[in-house]
Amino acid sequence: AVLPVNNLFASQRSPQDFLPLAPEDPTKVPGQGPSPLGKRSPFESPVRKPSDISSRTPLQDMHGTITPSDLHFERHHAGIPTIDPAIHELLIHGLVETPIKFTLADLKKFPSVTRICFIECAGNFRTGKEEMTPQDILGLTSQSEWTGVMLSTLFNEVGIDPSAKWFLAEGSDAAVMTRTIPLSKAWDDAMVVYAQNGEAIRPEQGYPMRLLLPGFEGNMNIKWLRRIKLSDEPYMTREETSKYTYPVKDRIRMFSFELDARSIIIYPAYPAKINKGYVQIRGIAWSGRGKVEKVEVSTDRGQTWQIANLQEPVLSKAHTYFRYEWNWDGDATEILSRVTDETGYLQPTLQQLIEARGPDISGYHMNPVTAWKINKDGTVLFKAEPLK
Amino acid sequence: AVLPVNNLFASQRSPQDFLPLAPEDPTKVPGQGPSPLGKRSPFESPVRKPSDISSRTPLQDMHGTITPSDLHFERHHAGIPTIDPAIHELLIHGLVETPIKFTLADLKKFPSVTRICFIECAGNFRTGKEEMTPQDILGLTSQSEWTGVMLSTLFNEVGIDPSAKWFLAEGSDAAVMTRTIPLSKAWDDAMVVYAQNGEAIRPEQGYPMRLLLPGFEGNMNIKWLRRIKLSDEPYMTREETSKYTYPVKDRIRMFSFELDARSIIIYPAYPAKINKGYVQIRGIAWSGRGKVEKVEVSTDRGQTWQIANLQEPVLSKAHTYFRYEWNWDGDATEILSRVTDETGYLQPTLQQLIEARGPDISGYHMNPVTAWKINKDGTVLFKAEPLK
Amino acid sequence: QANQSIKRSAKFGFGRTVGFPEIAAWDIDIRPDGMGLPKGRGEVKTGRLIYAKKCAACHGADGKETTGVKLLGGALVSDSLSGRKVKTIGNYWPFATTLFDYIRRAMPYNLPGSLNNEEVYSLSAYLLFANKVIKADVVLDAVSLPKIIMPARKLFVMDDRKGGKEIK
Amino acid sequence: QANQSIKRSAKFGFGRTVGFPEIAAWDIDIRPDGMGLPKGRGEVKTGRLIYAKKCAACHGADGKETTGVKLLGGALVSDSLSGRKVKTIGNYWPFATTLFDYIRRAMPYNLPGSLNNEEVYSLSAYLLFANKVIKADVVLDAVSLPKIIMPARKLFVMDDRKGGKEIK
Ligand code: HEC
Ligand code: HEC
Ligand SMILES: [Ca+2]
Ligand SMILES: [Ca+2]
Ligand SMILES: [Ca+2]
Ligand SMILES: [Ca+2]
Ligand SMILES: [Ca+2]
Ligand SMILES: [Ca+2]
Ligand SMILES: [Co+2]
Ligand SMILES: [Co+2]
């Protein structure tokens, strides 16, 4: 289990790259004094992998469950708006007694609530080649400690008409992103959050306020939230019809909000190289439907499964770190993980998903068990199973 | 309970300061695309308050329990060393079977463990004037999700001689900081950690590795750890004799490791201004001896006490967020909080501490109940009680 | 964990009550039944002209993908339901109202919110025509647009996963 | 939470066994019983000269605080046990070995680790003399240094808090 320093971002940084200078004996040189804001060590530079429309969290580098805010994945449909928090308002209207606009300062006056949960893009799964890292495969999921106000608190404030069954949430970005959400989610655990990991929510995550729908498709957690409208029927917006829908046999499934349980081993994973002997297998598991009940790891290509250790505390709809102590005998093999959530759902194989949904299976809500191939020389490759 | 945007750092930034430009209607302007690393909103700039020797976490701005890594308090005695993680080694020797040096890569091969806990400077208490923020009074405490290896794992690896009762821990900074710690802490919950909030530990917190002694004086959690020596008696280093000791009546108490339970209201607090009516009182409570059992809040100068809500999950030796729903009738008053930990210890008043320790009471291990004065105009001031 | 659902009839009184004009300025959503559609009308031939000027650069001259050419905004037009490889308005969009709503709020990508209602009706007409959903002479307005039955409508089903053990 | 104490007799085998010379290079600690003290010796008068050159700038010409002058490194010298306001070597340090250990590892602040053992013995001698702990003619070495009984020694007690309800 060699995890050499600076291998973490091997894909971004070659060993030839310039490394900063450090004194040979740091005990002989007084160091820099205190400062208003800390910085990373110049020897560490974790990065998201950006594309035109998203950027991915370096899961393989995560030693815990809270994603550093500047490494939280991004997905936006018209870029990150710059919003003046003194001007921004949230309007709640439609089937309500009193339409009200709330400023950020207003929101902060309401009872505040904090919860840790993941946000994951519904399209979070890539495959195709062996040289893929956890970040490449599943980097569109991140976890934060969110603080804000329960949506139910705001809904009680405006007064909800009994005929309301849905609410439209709309962003203040250039896509004016819109999704319809069942009202029941508001009475369950939806929040409007303004803080992330203790401080103000980051611009990429919706500054100054976003909707938080624990366990639901990332896209529905409308960022830069400016409007909520109560309605008796859904709006069939572009993001809930043209996008975030997927073929299931001869039909197209829409309004599939909950993200089914999944897991991934993040170590050892490409491009790590391991040695014979003790190897701690590490990964994360989560479910949009509640708590992780158990994670099983197989080190023999899925023939037998062993229970992994779950890092306490195990929270609902939250990335849960798991670990499994392995002694690698040096033979080529495949290692896999699978999660069972508290509803009894067991993470399926790709084959099971294809059987359930048909051969036209697409990129949304794909949560198959993923395997890593361990070669005799200790190198690790992604087992990129074909989609058909 | 007005908490206007940007009031958070009122002490650092005056309203006249330049604020960034934002488009009048952000829905009409495509925003910036994805990037490798996120940034704060230009409208938010939380900062630590640095002195020559330390910097303080802006507790009043914290909406959760995990301190953003770049806002973690600092205390160092000879500055922050720059350490090349490829060269740095940790030596464990003394009363051991086999003296061993571990590189960072070696440490990462061992079974890893994650835990959330606070680190607090034993000298974390300032008083003296009414215009003090929670950051000024108690900013030398912060909380992170730490990952590393149990010290017991490393001790099993080197083999501990039965005569060993203490271990010396030494840093690689220019102070070559040294403290002696009872061996029992290693068999209990001590760790050598290399990750903080998911990523590599920050330079100010000991990059590439530090000792973590949950609940013990911050100073003992030796940063930039380079050496551990097992011994049958303590070393009486400068930091455990000349410093981190304090008068208790006619004696000087040394080796007082555990930080007794304490709490502080962080909202409303100076310089906030509140309005008549609903105000959510918020704060943090913690104990170096285990879990927070309960937090009580008084809104009538300590005459009566009510139970505050504790944010779940409540973890051992961890900052625990509490909230209390208050209706302010507009009269001048004082608000206070006090914590009871799972050992039954109730946070004392300053008077009780003076009674217990005598009038020479000093800056270490001072955990008195602190009060905020609410004036009729809604302004809030620290009730700076005199130390004698 | 955090879901202490706070039900209270007493109001906190924070926020600012707003009236019709202020709501109307933001109230841009459109429902499948046509609720929210503004006054105005649009024709295919006007739409074709606007499309050429404001949309073709990113979605192609005829809205279709040509092999080897990557469209910045993707294809919008397809011939039939059979070729489901490229998902477009013609073969994948269940409601015509979505088209009006989406174009008005988000397009053109470089100048979102810049089209007036007549332009949006016209573009919707042109794109529905190009996708063989309507004839060349159909005029779109708040009454006719929601009546259009989209070819893909019948394919769409609400989520039928029920949670629990089943893989679906 | 995280404390699954892992007791195993089997070794993981990670890390590198090191021998005496490599350990010795880092093994700078000194115990109250003198264990760790190196060869060499130092005298008050030599110490006074080194102090003036390398220490006085931050700790004052005579190691004492003068009203109105903020010493960068604080006072090191006091006259008696009575004036406990300024905590110094003379009135607050329980062990003389700590002085040698601390000066060698951390002083002078701007050039830590730059003093040789003879210099450290000499500085320790001078500072103990200035604090009226030893006479001007005492020679410090590995044998004599740990024998010094510091005035404050008798004041120090181990933590007597026992946890639980008691405020102490
Ligand atoms: C500068 C490039 C650009 C221009 C000009 C542009 N578009 Fe787009 N269009 C895009 C992009 C990019 C997307 C995908 C947006 C996203 O990521 O959600 C898109 C998406 C669309 C879609 C949704 C397609 C689907 O299947 O979901 C429609 C409809 C559309 N555009 C219509 C138009 C119309 C009509 C115009 C002209 C008024 C126009 N576009 C001009 C770039 C452009
Ligand atoms: C450039 C400034 C500077 C110089 C030069 C300097 N010191 Fe210091 N000294 C300090 C500072 C600053 C501290 C406090 C360090 C800390 O924060 O832990 C200190 C602390 C000390 C202490 C501990 C005091 C206590 O009560 O805990 C001793 C002893 C000491 N110095 C001795 C010396 C000696 C001997 C020399 C010369 C060889 C010296 N110093 C040179 C700045 C200096
Ligand atoms: Ca998303
Ligand atoms: Ca085998
Ligand atoms: Ca400290
Ligand atoms: Ca009153
Ligand atoms: Ca409308
Ligand atoms: Ca020694
Ligand atoms: Co998405
Ligand atoms: Co300190």
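The values are calculated or read from the model by the stated rules, or taken from the named source; none is laboratory data. Keep in mind it's a predicted model, so treat the numbers as computed, not measured. Methodologically, a virtual Cβ is constructed for each residue, glycine included, from the backbone with ideal geometry; neighbour enumeration extends over all protein chains shown. Note: accessible area is taken over every heavy atom of the protein model, side chains too, but ligands, DNA and RNA are not part of it. Shrake-Rupley method; radii C 1.70, N 1.55, O 1.52, S 1.80 Å.
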GluC sites (Glu not before Pro) within region A:33-129: DSSP coil, no more than 12 neighbouring Cβ in 10 Å:
A:GLU97
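Test of the criteria: in region A:52-142, which trypsin sites (Lys or Arg not before Pro) are in a DSSP loop and have at most 12 other Cβ atoms within 10 angstrom of their Cβ?
Here the trypsin sites (Lys or Arg not before Pro) that fit, given the DSSP loop and packing criteria, are A:LYS129.
When N is the residue count of chain B, what does its C-alpha Rg come to as a fraction of 2.2 N^0.38 Å?
1.05
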Counting only other residues whose beta carbon sits under 14 Å from that of B:GLN306, what net charge do I get with K and R as +1, D and E as -1?
+1
Please give me the summed charge of the neighbours of A:TRP224: other residues whose Cβ is under 11 Å from its Cβ, Lys and Arg +1, Asp and Glu -1.
+1
Per-residue mean of C-beta atoms belonging to partner chains within 10 Å, peptide A:96-105:
5
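Rounded to the nearest 5, what % of the DSSP beta bridges within the protein assembly as shown are antiparallel ones?
Of the beta bridges lying entirely in the protein assembly as shown, close to 90 percent run antiparallel.
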Interface residues of region A:141-166, defined as losing at least 30 Å² of accessible area versus the chain alone with a 1.4 Å probe, are A:GLU145, A:MET150, A:THR153, A:ASN156, A:GLU157
Over 32 Å (Cα to Cα) - which of A:LYS108/A:LYS229; A:LYS185/A:LYS373; A:LYS39/B:LYS388; A:LYS185/C:LYS154 fall in this group
A:LYS185/A:LYS373; A:LYS39/B:LYS388
How many percent of DSSP beta bridges within chain B run antiparallel, rounded to 5?
95 percent
Spelling out what I want: for every residue of region B:85-100, take phi, set θ = phi - 60°, compute 6.51 cos²θ - 1.76 cosθ + 1.60 (Karplus), and round to whole Hz; glycine and proline get x.
x, 7, 9, 4, 9, 10, 9, 10, 8, x, 6, 10, 5, 10, x, 9
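Rg(Cα) of region C:41-155 divided by 2.2 N^0.38 Å?
Against the empirical 2.2 N^0.38 Å value, I get 0.98 for region C:41-155.
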What percent does the relative contact order of region B:306-388 come to when contacts are Cα pairs within less than 8 Å and at least six residues apart?
27 percent
Mind ordering C:142-152, D:114-124 by average Cβ neighbours within 10 Å, highest first?
D:114-124, C:142-152
Could you work out the mean count of beta carbons from other protein chains within 10 Å of each residue's beta carbon in B:48-55?
3
So, by mean Cβ neighbours within 10 angstrom, what's the order for A:271-282, D:31-42 with the highest one leading?
A:271-282, D:31-42
Taking a ≥ b ≥ c as the square roots of the Cα gyration tensor eigenvalues, with a/c under 1.5 meaning rounded and otherwise prolate when a/b beats b/c, else oblate, which class fits region A:75-253?
oblate
B:HIS365: net charge of surrounding residues, Cβ under 13 Å, Lys/Arg +1, Asp/Glu -1, itself excluded?
+1
Alpha-carbon centroids, region A:333-355 and region A:124-188: separation in whole Å:
25 Å
By the gyration tensor of its Cα atoms, with a ≥ b ≥ c the square roots of the eigenvalues, what is the shape of the protein assembly as shown: rounded for a/c under 1.5, prolate for a/b over b/c, or oblate?
prolate
Where a Cα-Cα gap under 19 Å defines reach, which aspartates and glutamates qualify for D:LYS64, not counting those fewer than 8 residues away within the same chain?
D:ASP79
Using heavy-atom solvent-accessible surface (probe 1.4 Å) with all chains present, what is the largest-first order of A:LYS28, D:LYS168, A:LYS185?
A:LYS28, D:LYS168, A:LYS185
Could you derive backbone 3J(HN,Hα) for region A:168-177 from the dihedral phi with the Karplus parameters 6.51, -1.76 and 1.60 (θ = phi - 60°), listing whole Hz in sequence and x where the residue is Gly or Pro?
8, 10, 10, x, 9, 8, 6, 8, 6, 3
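Assign one of three labels to region A:262-382, namely rounded, prolate or oblate, based on the Cα gyration tensor with a ≥ b ≥ c the square roots of its eigenvalues; rounded applies when a/c is under 1.5, prolate when it is not and a/b is larger than b/c, and oblate otherwise.
In terms of gyration-tensor shape, oblate.
Averaged across the residues of A:342-348, what count of C-beta atoms belonging to other chains lies within 10 Å of each residue's C-beta?
For this peptide, the per-residue mean of nearby foreign Cβ atoms is 3.
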Count the DSSP beta bridges whose two residues both fall in region B:75-244, then state the antiparallel fraction as a percent rounded to the nearest 5.
90 percent
Asserting the computed 222 nm helical MRE of the protein assembly as shown (DSSP H runs at least 4 long, -39500 (n - 2.57) per run, divided by residue count, to nearest 500) equals -4000 deg cm²/dmol
